[in-house]
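Notes follow once the structure below has been shown.
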Amino acid sequence: MTDKELVARSVEAQARAYAPYSGFKVGAALLCQSGDTFTGCNIENAAYGSTNCAERTAIFKAVSEGFTEFSAIAITSSGGKLTFPCGSCLQVMAEFSPSLRVILCEDGKPPVCHPLKELMPYAFRL
Ligand code: THU
């Protein structure tokens, strides 16, 4: 799967975002080392703290299906500026794939790619 295809899947996932409170829709598409892909969107809740980010939705879907090794995640948002994953999502990414490539995409502009190591150089580890 190319980066372009992965980004296209994240755009599809963004359309399924449940974001009635913030109006900020995020989609993610996760590429496993096996070649399988999982998508996710943000899922908000009236109890705001119960909201789940798009990235973690995709990762939790994958892990719950037995996939724990990932090579890339594409994230699409439309806030008018490039959105980086929140600290909780970076920590969850680092748990599974420290060498993950994080592809960020916003409003149809060319995607930019960062190694997870650059975004989260000192993840918490036990
Ligand atoms: N959000 C994500 O889906 N991913 C992030 O990395 C940061 C924030 C969502 C959560 C919430 O639904 C909305 O964006 C505003 O915070």
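The values are calculated or read from the model by the stated rules, or taken from the named source; none is laboratory data. It should be emphasised that the depicted structure is a prediction, and the values quoted were computed from it without experimental measurement. Note that we place each Cβ from the backbone using ideal geometry, even for glycine, and neighbour counts take in every protein chain shown. Side chains included, ligands, DNA and RNA excluded: accessible areas come from the protein's heavy atoms. Shrake-Rupley method; radii C 1.70, N 1.55, O 1.52, S 1.80 Å.
Going through 105, 113 one at a time, which residue ends up being hydrophobic (A, V, I, L, M, F, W, C), surrounded by fewer than 14 Cβ atoms within 10 Å (Cβ to Cβ) and outside any loop (DSSP other than H, G, I, E, B)? Just one listed residue meets the conditions, 113. Here is a check on your reading of the model: is residue 65 away from the ligand (no atom under 12 Å from the Cβ), out of contact with any strand residue (DSSP E or B) (no Cβ under 7 Å at 6 or more places or on another chain) and open to solvent by 40 Å² or more (accessible area, probe 1.4 Å)? In short, yes.
Checked against the criterion of being in contact with a Lys or Arg (Cβ under 8 Å, 6 or more places away or on another chain) and closer than 20 Å to residue 98 by Cβ, segment 57-65 contains not a single residue that satisfies it.
Based on what the data block shows, is residue 94 at pLDDT 95 or above, of a type in the set (Gly, Ala, Ser) and either over 16 Å from residue 6 (Cβ atoms) or assigned to a loop (DSSP other than H, G, I, E, B) (or both)? Yes, satisfied.
Has segment 72-79 got any residue that is closer than 20 Å to residue 25 by Cα, within 15 Å of the ligand (Cβ to nearest atom) and loosely packed, with under 14 Cβ neighbours inside 10 Å? Yes, some residue in segment 72-79 is closer than 20 Å to residue 25 by Cα, within 15 Å of the ligand (Cβ to nearest atom) and loosely packed, with under 14 Cβ neighbours inside 10 Å. Filtering segment 12-32 to residues that are out of contact with any helix residue (DSSP H, G or I) (no Cβ under 8 Å at 6 or more places or on another chain) and either over 19 Å from residue 61 (Cα atoms) or buried (at least 16 other Cβ atoms within 10 Å of the Cβ) (or both) leaves 19, 20, 22, 23, 24. Does residue 89 qualify as being at pLDDT below 95 and either open to solvent by less than 30 Å² (accessible area, probe 1.4 Å) or assigned to a helix (DSSP H, G or I) (or both)? No: the conditions fail for residue 89.
Of all residues in segment 14-58, which are among the hydrophobic types (A, V, I, L, M, F, W, C), in a loop (DSSP other than H, G, I, E, B) and more than 9 Å from the ligand (Cβ to nearest atom)?
Step one: list which residues in segment 14-58 are among the hydrophobic types (A, V, I, L, M, F, W, C), which gives 15, 17, 19, 24, 26, 28-32, 38, 41, 43, 46-47, 53-54, 58.
Checking the rest, the ones that are also in a loop (DSSP other than H, G, I, E, B) come to 15, 17, 19, 24, 46-47, 53.
Those that are among the hydrophobic types (A, V, I, L, M, F, W, C), in a loop (DSSP other than H, G, I, E, B) and more than 9 Å from the ligand (Cβ to nearest atom): 15, 46, 47.
Counting only residues that are open to solvent by 60 Å² or more (accessible area, probe 1.4 Å) and either within 15 Å of residue 15 (Cβ to Cβ) or without any contact (Cβ under 8 Å) to a residue 24 or more places away in the chain (or both), how many does segment 46-59 have? Don't jump to the end; show me each part of the working.
Narrowing segment 46-59 to residues open to solvent by 60 Å² or more (accessible area, probe 1.4 Å): 46, 48-50.
If we keep only those that are either within 15 Å of residue 15 (Cβ to Cβ) or without any contact (Cβ under 8 Å) to a residue 24 or more places away in the chain (or both) too, we end up with 49-50.
Result for segment 46-59: 2.
Among the residues of segment 2-11, which ones are open to solvent by 30 Å² or more (accessible area, probe 1.4 Å) and closer than 20 Å to residue 60 by Cβ? 9 - this is the single residue of segment 2-11 that is open to solvent by 30 Å² or more (accessible area, probe 1.4 Å) and closer than 20 Å to residue 60 by Cβ.
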